[in-house]
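Enquirer: Structure provided below as structure tokens; questions to follow.
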Amino acid sequence: EKPQSAKPASVSNTRIKFRSITWFDCSGCLKCIFAERSSARVDNLVCFCSCGRALLAVNEKTTKVIEAAFQHARYPGVKGQKSLPFIGKVTYGLDNLEIHNLSIGQSAVELLPGEGIALDISNVSAVFRGNIQYGYGSWLVNVAHSIDFEIESQIDLGIKPKLYCGEGKVAADTRDCYLNFHKLHLHLQGNKEPNWLRKLFTDFITFTVKLAIKGQICKEINKVANILADFIQDRADQFLSYGDIGVDIGITTAPVINANYVESYHKGLTKYNNTSAVISDSVFHPSQLTEDKMLYFWISDQVFNPMVTAAHQDGLLQLNISGAELTDLFKTNLSSAMPEFIRECLLESGSPQLRVWSSSVPYVNTSTHVGTAVWGTASGQLHCGTQGPILSFKAHVSIDIKASYADKKLRLHGTPSEIFISEAELSGQNQSLLDVDEFLREAVEKIGIPKVLSALEIEITRLLDKQGTNLFDIFNPEVLPQDGFVVIQMDFGFPHHLLTEFLRKTLQ
């Protein structure tokens, strides 16, 4: 028995699985959600990212974010004083500290199971420039000067960020941050200062710069990490939205990191017109994902059905075909004879139009053997000129669909398993309904279904492009239907445009 409407959607059926990532990317991975693996799981969208190639792909972007943290940091001025024998009180101020000629040698990332992520940046070379105002004196002499300085430095940076849930999103805590200085050479402009003053400045500036750099760099890294996390998660929200339709991918618990991969669990709740779907217990189990690819998306039917329901209610599932396009479609070779009134409408009216729309909510069921089975009822009307429809009908269709993605285009392959026509009505035509029903059944199978699938391919690809999917480097994507869910797996190249846009906005 075919379902007449979508099953009640019930809390979370999407999983995304990643294998390895840099600390800042993990914190922003589509609102990564990780929950304890209990029998009460309600995750319907799961993200899984594996280590190895994914780590190499994303790790190369780490240096860009570290560079941004160094360059965007604002180093506060420091003032102090010191009393010296025979000289008296020496006052000094360090201002306008800026960074120049920054370069990063290499970076390495390691996943620490149950703890977080270890990020090591080595051989960070930079030149810090600034200005010193100083004064010293006694009752005999009083001196006040200002001098520019330059410091050559070589630093190793280590961070062990921890990921946690913050306001429904993944956030990064990078307080476990350290800097090791292997080189810190001071160059004062000019040669007028006495040696004792140069030594004082060297000791003072070395100590002060170390404190200023460490404090500000670690603070800035934490800030940049969370800005990037919010940026990526906001992009994910935008990606899964169309008009009034959206998907709540908010996290349910803190991230879990294993030795080889990072997992995240998402609600996957469709939102439409201020209402949210309800999702029953998830059927997800970790064994349903392998570790052969870099990126996995696990999406249950309980995500797809509410989305299809929202699309139906929003009037998106309709198609109008007219003129020469419609006439050309009916040049398809059919075994059933075309009724004469349809032939006259197509060839003689000059303005034929076919209007098709979903008249009930389609229902989606995914299985390993047939792919994604879709049951639906479509209404159709054939118009000739300005008159009312000369033919009205309903087509009840069951079709097995398999999807693929190649050359940055979605492909849908459909095999009808059942088609029958009902409520066919003719407007003043002397024609047997039995003949019309058989012709319509074959026309729906050989003309209507391929045309609808083609239109869906174009529109969904256009939507994916609008959301930026075509800017990603996606390699060997596979869509694997299983019982009650779909696994989408792929290798990928980290989208450079996202990082560029983020850094541009951050450094404004």
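The values are calculated or read from the model by the stated rules, or taken from the named source; none is laboratory data. Fair warning: this is a prediction, and the values are worked out from it, not measured in the lab. As a convention, Cβ positions derive from the backbone with ideal geometry for all residues, glycine included, and neighbour counts pool all protein chains shown. These area figures cover heavy atoms from the full protein model, side chains too; ligands, DNA and RNA do not enter into them. Shrake-Rupley method; radii C 1.70, N 1.55, O 1.52, S 1.80 Å.
Enquirer: Output the residues belonging to the stretch 148-178 that are more than 32 Å from the chain's Cα centre (by Cα) and either farther than 29 Å from Ala229 by Cα or open to solvent by less than 40 Å² (accessible area, probe 1.4 Å) (or both).
Expert: Correct list: Asp148, Phe149, Glu150, Ile151, Glu152, Ser153, Ile155.
Enquirer: Identify the single condition in (1) at pLDDT 80 or above; (2) open to solvent by 50 Å² or more (accessible area, probe 1.4 Å); (3) not in a strand (DSSP E or B) that Ile221 does not satisfy, given that it satisfies every other one.
Expert: Every listed condition holds for Ile221 apart from (2).
Enquirer: What do you reckon, is Val444 open to solvent by less than 50 Å² (accessible area, probe 1.4 Å) and over 28 Å from His369 (Cβ atoms)?
Expert: no
Enquirer: While we're here: Any chance the stretch 295-302 includes a residue that's under 24 Å from Ala118 (Cβ atoms), of a type in the set (Phe, Trp, Tyr) and in contact with a Leu (Cβ under 6 Å, 6 or more places away or on another chain)?
Expert: So far as the stretch 295-302 goes, yes, one or more of its residues are under 24 Å from Ala118 (Cβ atoms), of a type in the set (Phe, Trp, Tyr) and in contact with a Leu (Cβ under 6 Å, 6 or more places away or on another chain).
Enquirer: Sticking with this one: Within 42 Å of the chain's Cα centre (by Cα) and closer than 30 Å to Ile488 by Cα, is that true of Gly414?
Expert: For Gly414, the condition - within 42 Å of the chain's Cα centre (by Cα) and closer than 30 Å to Ile488 by Cα - is met.
Enquirer: Among the numbered conditions (1) over 23 Å from His182 (Cα atoms); (2) open to solvent by 50 Å² or more (accessible area, probe 1.4 Å); (3) at pLDDT 75 or above; (4) of a type outside the set (S, T, N, Q), tell me where Asp95 comes up short.
Expert: (2)
Enquirer: Of Gly268, Gly243, Gly250, which residue is in contact with a strand residue (DSSP E or B) (Cβ under 8 Å, 6 or more places away or on another chain) and at positive phi?
Expert: Gly268
Enquirer: Could you tell me which residue of the stretch 238-257 is nearest to Ala172 (Cα to Cα), considering only residues that are modelled with pLDDT under 75 and surrounded by fewer than 22 Cβ atoms within 10 Å (Cβ to Cβ)? Can you show your working first?
Expert: Step one: filter the stretch 238-257 for residues modelled with pLDDT under 75, giving 251-256.
Going one step further and asking which of them are surrounded by fewer than 22 Cβ atoms within 10 Å (Cβ to Cβ), we end up with 252-254, 256.
Numbers: Thr252: 16, Thr253: 14, Ala254: 11, Val256: 13 Å.
Among them, the one singled out is Ala254.
Enquirer: Out of everything in the stretch 109-145 that is modelled with pLDDT of 80 or more, among the small types (Gly, Ala, Ser) and out of contact with any Lys or Arg (no Cβ under 7 Å at 6 or more places or on another chain), what residue ends up being farthest from His185 (Cα to Cα)?
Expert: It comes out as Ser122.
Enquirer: Moving on to the next point. Could you check the stretch 453-485 and list, in sequence order, the residues that are of a type in the set (Val, Ile, Thr) and at pLDDT 90 or above?
Expert: Ile458, Ile460, Thr461, Val479 - these are the residues of the stretch 453-485 that are of a type in the set (Val, Ile, Thr) and at pLDDT 90 or above.
Enquirer: Okay, moving on. Yes or no: Leu186 under 47 Å from the mean Cα position of the chain (by Cα), open to solvent by 20 Å² or more (accessible area, probe 1.4 Å) and modelled with pLDDT of 75 or more?
Expert: Judged against the criteria, Leu186 is a match.
Enquirer: Checking the conditions here, which among Gly250, Gly215 is closer than 27 Å to Gly116 by Cα, over 20 Å from the mean Cα position of the chain (by Cα) and of a type in the set (Gly, Ala, Ser)?
Expert: Details: Gly250 fails: over 20 Å from the mean Cα position of the chain (by Cα).
Gly215 is the lone residue from the list that is closer than 27 Å to Gly116 by Cα, over 20 Å from the mean Cα position of the chain (by Cα) and of a type in the set (Gly, Ala, Ser).
Enquirer: Name the residues in the stretch 460-477 that are surrounded by 13 or more Cβ atoms within 10 Å (Cβ to Cβ) and acidic (Asp, Glu), would you?
Expert: Correct list: Asp465 only.
Enquirer: Whether any residue in the stretch 389-406 is among the aromatic types (Phe, Trp, Tyr), at pLDDT 90 or above and touching a Gly at 6+ places or on another chain (Cβ under 9 Å) is what I want to check.
Expert: Within the stretch 389-406, one or more residues are among the aromatic types (Phe, Trp, Tyr), at pLDDT 90 or above and touching a Gly at 6+ places or on another chain (Cβ under 9 Å).
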